[in-house]
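Have a look at the structure below, then the notes.
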C-alpha cells in the first residue's frame with residue numbers, strides 16, 4: 001500500500017485532533033505534515049501495522065494525540 005493511501009485512511013484522526021486542540025499559528029498543512037511524520041515513524045517502527053488496519057488506527061490515534069499533547073506542553077512553557 002502506498003504511503004498517501006495509508007495517510008488518507010488515518011487523516012480523520014488528524015482532523016478530529018485539529019478540532020479538539022488549538023496550536024498557535026498552525027494551519028491545516030501543518031497538521032497534515034505532523035500527521036504524516038507520526039505515521040511514517042509508526043510504520044517504520046512497526047511495519048506489520050500496514051497489514052493490520054484495525055491495529056494501525058489504535059496505535060496511530062494514541063501516538064498522534066501524544067505527539068500533539070507534547071507540542072502543546074512545549075507551547076505552554
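No lab work stands behind these numbers, since they all come straight from the coordinates. Because the structure is predicted, anything quoted here is derived from the model rather than measured. Methodologically, a virtual Cβ is constructed for each residue, glycine included, from the backbone with ideal geometry; neighbour enumeration extends over all protein chains shown.
Length gain on complete extension for the stretch residue 32 to residue 19, per 0.36 nm per residue less the alpha carbon to alpha carbon distance? Present the calculation step by step, with values, prior to reporting the outcome.
Details: separation 13, 0.36 × 13 = 4.68 nm, distance 1.33 nm.
Additional length available on full extension: 3.4 nm.
Contour minus end-to-end for residue 41 and residue 3, with contour as 0.36 nm per residue of separation and end-to-end as the Cα-Cα distance?
Values: separation 38, 0.36 × 38 = 13.68 nm, distance 1.19 nm.
Contour length minus Cα-Cα distance gives 12.5 nm.
Using Cα atoms only, what is the angle between the long axis of helix 3-20 and the major principal axis of the chain, expressed in degrees (0 to 90) to the nearest 10?
Helix 3-20 sits roughly 30 degrees off the main axis of the chain.
GNM, the chain, Cα, under 10 Å: largest mean-square fluctuation among 38, 58, 14?
Among 38, 58, 14, the largest mean-square fluctuation in the Gaussian network model of the chain belongs to 58.
To the nearest 10 degrees, how steep is helix 53-76 against the longest Cα principal axis of the chain, on a 0 to 90 scale?
For 53-76 against the chain, the angle is about 20 degrees.
Please give the peptides 42-49, 59-66 ranked by average Cβ packing (other Cβ atoms within 10 Å per residue), highest first, as a rough proxy for protection.
Working: 42-49: 13.5, 59-66: 16.8.
So the peptides 42-49, 59-66, ranked by packing, come out 59-66, 42-49.
Over the chain, what is the relative contact order in percent, taking alpha-carbon pairs closer than 8 angstrom and at least six residues apart? Before the final figure, lay out each step's value.
Details: 34 pairs, mean separation 28.8, N = 77.
It rounds to 37 percent for the chain.
Specify the inter-centroid distance of segment 8-32 and segment 44-77, based on alpha-carbon positions, in whole Å.
A separation of 13 Å, based on Cα centres.
Going 7 Å from the Cα of residue 48 in the Cα-to-Cβ direction, what parts of segment 1-22 have a backbone nitrogen less than 20 Å from that spot?
1
Please give the calculated 222 nm ellipticity per residue for the chain, where each DSSP H segment of at least 4 residues contributes -39500 (n - 2.57) and the sum is spread over every residue; nearest 500 deg cm²/dmol? Each step should come with its number before you reach the end.
Values: 3 runs with 60 residues, N = 77.
It comes out at -27000 deg cm²/dmol, rounded to the nearest 500.
Helix 28-45 versus the longest principal axis of the chain: what is the Cα-based angle in degrees, 0 to 90, to the nearest 10?
40 degrees
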